[in-house]
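Everything on this sheet refers to the single structure shown next.
The values are calculated or read from the model by the stated rules, or taken from the named source; none is laboratory data. Being a predicted model, the structure only gives us computed values, none of them experimental. Positions of Cβ are backbone-derived with ideal geometry, glycine not excepted, and every protein chain shown enters the neighbour counts.
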Amino acid sequence: MQIYLPIAEVSVNAFLLLGLGGMVGVLSGMFGVGGGFLMTPLLFFIGIPPAVAVATEANQIVASSFSGVLAHLRRKTVDLKMGTVLLVGGLIGAALGVWVFNYLKSLGQVDLLVKLCYVVFLGIIGALMFVESLNAIRKTRSGSAPKRKKHNWIHGLPFKMRFRTSGLYISVIPPVIVGILVGILAAIMGVGGGFIMVPAMIYLLGMPTKVVVGTSLFQIIFVTGFTTLLHATTNYTVDMVLAVLLLIGGVVGAQIGTVIGAKLKAEQLRILLAIMVLAVCGKLALDLLIQPSELFSIGTAGGH
Amino acid sequence: MRAILVLLLLLATPLKAEEVVLGLSRDQVSISTNFDGSEVIIYGAIKREVPIPQNEPIQVIVTISGPQAPITVRRKDRVLGIWVNTDAMDVSAAPSFYAISTSAPWQQVLNEADDLRHNVSIPRRIRSIGAWSQVANPQEFIDALVRIRMANGLYVLDEGAVDLRESTLFNTAIQMPANLTEGEYATRVFLTRGGKVVSKYETSIEVRKVGLERWLYNLSRQQPLVYGLLSLAIAIAAGWGASAAFRLMRSG
């Protein structure tokens, strides 16, 4: 069944979109990430204009993270205070990101920036996670428990604040900076930033793993919500029909994914996610490195 | 004064000797949510007040042109090992869609001079003023634009697709793709003899988003804030709905 998307002005197969949403939803339910980093390249691939894909994907992430955060609130695994601090940074970052996005759009380099961001971040995160989970698997085999570093340079910074749910007493500077960076990426790449936020909270801020996913989702709702509004009012690129099709598949898939995820071990999950992230990264990197069959592209008028 | 008028009428008569009477299967195309492209059938007759001239056979050209819009054509080049957009050329006006159907191969239906006068062929419909100041070889960019849009089915040249009978009745079907933009689609019919245009007829087909498509598009342009908030509300509702539904399934 073909559906004409009013903003993207292309006609796509509705079942394809539902399927894509469902598939990415399963993965996001399994791994606790928004799934935007997978969905946005897939949308490029089926011919949605990049600007529309990025803006609409932000809208879809609002739905999946809201669904997720409700589950975490019931389990009391959301650090609202930490989430708010991250959010302040996130909103500043999102505003900066939309500004950078518009500037680059006028230069005609937006596709390149989005793709480069993907290659760099997917590559780094994928590789780190792969090595880390491989080590974790080896450690569980040898029987020694993994230990977390308790004190590092981050604990020497001023403006300290107590985060009760996370059991932390640290400066607000690192969470704000993490928030800003993730906000910028969210706006440029159309992702919630979960796949960057989650490792940053565990390894940089030293938060306990059980509150990380919920807290990350909590602040992602607001950052992506803000990004959606900015894209809708400045670029007019949020396609509601596309968003609805994706999020129907996404929310259903996420619940199925949670069930599958509960049956796998944490390290196995992380290593699978790492392999998937590296595969997407490799595909995008090849596209940049191999000579495209068509050197020319057509864009809307305005600047160079 | 009257002599001049008569003279003018006499001069005009050869042009008016053959005229187009046209019918369209539809003069309006509605883009609804399940829009999947559309076929427009164009049929007509050639009206004559003189016997059919025997020197050259009459030929028919039918064109449908989407709204003209400025676009930018970019070229990638290898910079530091990766493929990046380097050169760009602004095209001041190119139709979003352009289809040509003819009753015979192109060389037999229209000559260069009349093509230039009436802007019939695909490259003639693309206007690129001041392109020379932007890139070294604008023709390469225009060729690329035509090539890409032809590959996407947006520019079509269908030679021999007009069915012409007894030099009088003609009909053709033009396929409009699913990826249409809104606007007035100028529809032209040319009658030619020996490559020269002897008569021309113009009308238009209106392509409009309707229903939900129309409403969403207008809302996103006129009330972007409301549109954005509505998108968020839908997302929040869907997220809550899914969570509530699965909690019910688990407890039930």
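Data for the structure
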{"quantity": "In segment A:230-276, residue surrounded by the most Cβ atoms within 10 Å (Cβ to Cβ) [restricted to those that are within 11 Å of chain B (Cβ to nearest Cβ) and assigned to a loop (DSSP other than H, G, I, E, B)]", "calculated": "A:238"}
{"quantity": "Answer residue from segment B:69-100, given it is in a strand (DSSP E or B) and of a type in the set (Phe, Trp, Tyr) and is nearest to the other protein chains (Cβ to nearest Cβ) among those", "calculated": "B:83"}
{"quantity": "Within segment B:130-176, considering residues that are part of a strand (DSSP E or B) and of a type in the set (Val, Ile, Thr), the one nearest to residue B:29 (Cα to Cα)", "calculated": "B:174"}
{"quantity": "Matching option when the condition is under 19 Å from residue A:55 (Cα atoms) and without any contact (Cβ under 8 Å) to a residue 40 or more places away in the chain, among A:244, A:238", "calculated": "A:244"}
{"quantity": "Test: residue in segment B:47-54 that is out of contact with any Gly (no Cβ under 7 Å at 6 or more places or on another chain) and outside any loop (DSSP other than H, G, I, E, B)", "calculated": "yes"}
{"quantity": "From the options B:164, B:180, residue that is within 14 Å of another protein chain (Cβ to nearest Cβ), touching a residue at least 60 places away in the same chain (Cβ under 8 Å), farther than 13 Å from residue B:22 by Cα and crowded, with 17+ Cβ neighbours inside 10 Å", "calculated": "B:180"}
{"quantity": "Condition met for residue A:47 (closer than 24 Å to residue B:211 by Cβ, within 13 Å of chain B (Cβ to nearest Cβ) and in a loop (DSSP other than H, G, I, E, B))", "calculated": "yes"}
{"quantity": "Test result for residue B:66, within 14 Å of another protein chain (Cβ to nearest Cβ) and not β-branched (Val, Ile, Thr)", "calculated": "yes"}
{"quantity": "Answer from B:240, B:215 - the residue that is loosely packed, with under 14 Cβ neighbours inside 10 Å, outside the structural domain of residue B:27 (by TED's automatic domain parsing) and under 30 Å from residue A:229 (Cβ atoms)", "calculated": "B:215"}
{"quantity": "For residue A:223: the one exception among (1) farther than 20 Å from residue A:20 by Cβ; (2) in a helix (DSSP H, G or I); (3) within 11 Å of chain B (Cβ to nearest Cβ); (4) not basic (Lys, Arg)", "calculated": "(3)"}
{"quantity": "Unmet requirement for residue A:280, which otherwise passes all of (1) in contact (Cβ under 8 Å) with a residue 12 or more places away in the chain; (2) under 30 Å from residue B:72 (Cα atoms); (3) within 8 Å of chain B (Cβ to nearest Cβ); (4) not basic (Lys, Arg)", "calculated": "(3)"}
{"quantity": "Subset of segment B:207-252 that is of a type in the set (A, V, I, L, M, F, W, C) and in contact (Cβ under 8 Å) with a residue 60 or more places away in the chain - its residue that is nearest to the other protein chains (Cβ to nearest Cβ)", "calculated": "B:212"}
{"quantity": "Total residues in segment B:19-76, condition among the small types (Gly, Ala, Ser), loosely packed, with under 14 Cβ neighbours inside 10 Å and under 14 Å from the mean Cα position of the chain (by Cα)", "calculated": "0"}
{"quantity": "Qualifying residue in segment A:285-301 (condition: more than 7 Å from every other protein chain (Cβ to nearest Cβ) and either buried (at least 18 other Cβ atoms within 10 Å of the Cβ) or part of a strand (DSSP E or B) (or both))", "calculated": "yes"}
{"quantity": "Residue among A:138, A:74 that alone is under 25 Å from residue A:175 (Cβ atoms) and of a type in the set (Lys, Arg)", "calculated": "A:74"}
